[in-house]
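**Q** Mind having a look at this structure? Questions to follow.
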Amino acid sequence: MALEDTDVFTRLERFYDSVPRDATVTEDIGGFVLFIREGAGWPYYARPRLGGGTPSAADVTAVRIRQRELGVPEAFEWVHETTPDLLAVARSAGLDVLLAPLMVLDRAALVPDLPIPGAAIRFLDPAQPGFAADIAASRAVSRLGFGAPASATGAGPATAQAGALTIEPAGPVQRDAVPPPAPEVVADQVRRHASGRFISAVVDSPADGILACGSVQRVGGVAEVAGVATLPAARRRGYASQLTASLARRALEEGDDLVFLSAGDDDVARLYSKVGFRRVGTACIASPAVAPL
């Protein structure tokens, strides 16, 4: 393995360990550190302890028991090249493991900003009065985009009915048609965006509303592009590719020199390779393969 890739993996491990710490408390359980969310927001996961060895199957079981006690998802993440023996351990302990292509941006290969049909990319500003509505619409797009298979093209939009999210036959997500997030969720998003550690952007159509969304989380010169989702009805228009490129470019402009992402599968990885990313390894994302113990 090339020296630069070894340096990349070291920096990625530090990033993965640092990112959750401003919003979580941690518990060391065997060879894992379990990140536990404080307040509203994304429920985190367990990862191998920074600088530690390979966790055991007993460690996996102990973490799962603790996660059930806390009422959080039984979720584990790690980089295969950093902890290669954990894949077999996790599977033997009853976890199903997604092997996601881990990709790093080649700055020289990043595609230029290009116009996109019928819409424009807009970065979200926590100081703007429409920020809460943008967050609500983005979350709806994310749920719809990730909830439909890649071949689906007919889902959407999100609308409010009795305070719940429902799906109508076809169309985009209008900002004023989605219930607002809870105040604590908005406050958390404002804090994260205002700090500069989190950047969000959307593909916004004047006629149709928000069609795609994505974000970047940043720590110590490392930036991860994550959560890029497109409404099924708006796919195959290049929105995800151009949004990913714009998010990566913003991270570079903010001073980050290592920009990466995890692709859902090899087909998605090929899409990102056309934007300017190259595969350097495998991100492992694990959850129970069967009913809880």
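The values are calculated or read from the model by the stated rules, or taken from the named source; none is laboratory data. As the structure is a computational prediction, the values presented were derived from the model and not from experiment. No Cβ is skipped: glycine too gets one built from the backbone with ideal geometry, and neighbour counts run over all protein chains shown.
**Q** Filter the stretch 236-248 down to the residues that are part of a helix (DSSP H, G or I) and out of contact with any Lys or Arg (no Cβ under 7 Å at 6 or more places or on another chain) and list them by number.
**A** Selection gives Tyr239, Ala240, Gln242, Leu243, Thr244, Ala245, Ser246, Leu247, Ala248.
This table checks each residue for (1) assigned by TED's automatic domain parsing to the domain that holds Val185; (2) within 30 Å of Pro181 (Cβ to Cβ); (3) assigned to a loop (DSSP other than H, G, I, E, B); (4) among the acidic types (Asp, Glu).
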| site | (1), (2), (3), (4) |
| --- | --- |
| Gly39 | no, yes, yes, no |
| Arg47 | no, yes, no, no |
| Leu50 | no, no, yes, no |
| Asp59 | no, no, no, yes |
| Glu74 | no, yes, yes, yes |
| Ala88 | no, no, no, no |
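**Q** Among (1) surrounded by fewer than 19 Cβ atoms within 10 Å (Cβ to Cβ); (2) out of contact with any helix residue (DSSP H, G or I) (no Cβ under 8 Å at 6 or more places or on another chain), there is one condition Arg279 misses while meeting the rest; what is its number?
**A** Of (1) surrounded by fewer than 19 Cβ atoms within 10 Å (Cβ to Cβ); (2) out of contact with any helix residue (DSSP H, G or I) (no Cβ under 8 Å at 6 or more places or on another chain), only one is false for Arg279: (2).
**Q** Which residues, counting only those in the stretch 48-62, are within 22 Å of the chain's Cα centre (by Cα) and crowded, with 22+ Cβ neighbours inside 10 Å?
**A** Answer for the stretch 48-62, where residues must be within 22 Å of the chain's Cα centre (by Cα) and crowded, with 22+ Cβ neighbours inside 10 Å: just Pro48.
**Q** So, one more: What do you reckon, is Pro101 modelled with pLDDT under 95 and within 23 Å of Ala212 (Cα to Cα)?
**A** no
**Q** Could you pull out the residue among Val228, Val219, Val268 that is closer than 22 Å to Asp7 by Cα, within 18 Å of the chain's Cα centre (by Cα) and not assigned by TED's automatic domain parsing to the domain that holds Arg14?
**A** Selected residue: Val219, the only one of Val228, Val219, Val268 that is closer than 22 Å to Asp7 by Cα, within 18 Å of the chain's Cα centre (by Cα) and not assigned by TED's automatic domain parsing to the domain that holds Arg14.
**Q** Answer yes or no as to whether Gly227 is on the phi > 0 side of the Ramachandran plot and in contact with a Gly (Cβ under 9 Å, 6 or more places away or on another chain).
**A** For Gly227, the condition - on the phi > 0 side of the Ramachandran plot and in contact with a Gly (Cβ under 9 Å, 6 or more places away or on another chain) - is met.
**Q** Just to be sure, is Val19 at pLDDT 95 or above, closer than 30 Å to Ala248 by Cβ and either surrounded by fewer than 14 Cβ atoms within 10 Å (Cβ to Cβ) or of a type in the set (A, V, I, L, M) (or both)?
**A** no
**Q** Take the stretch 208-223 and flag every residue that is β-branched (Val, Ile, Thr) and modelled with pLDDT under 95.
**A** The one that is β-branched (Val, Ile, Thr) and modelled with pLDDT under 95: Ile210.
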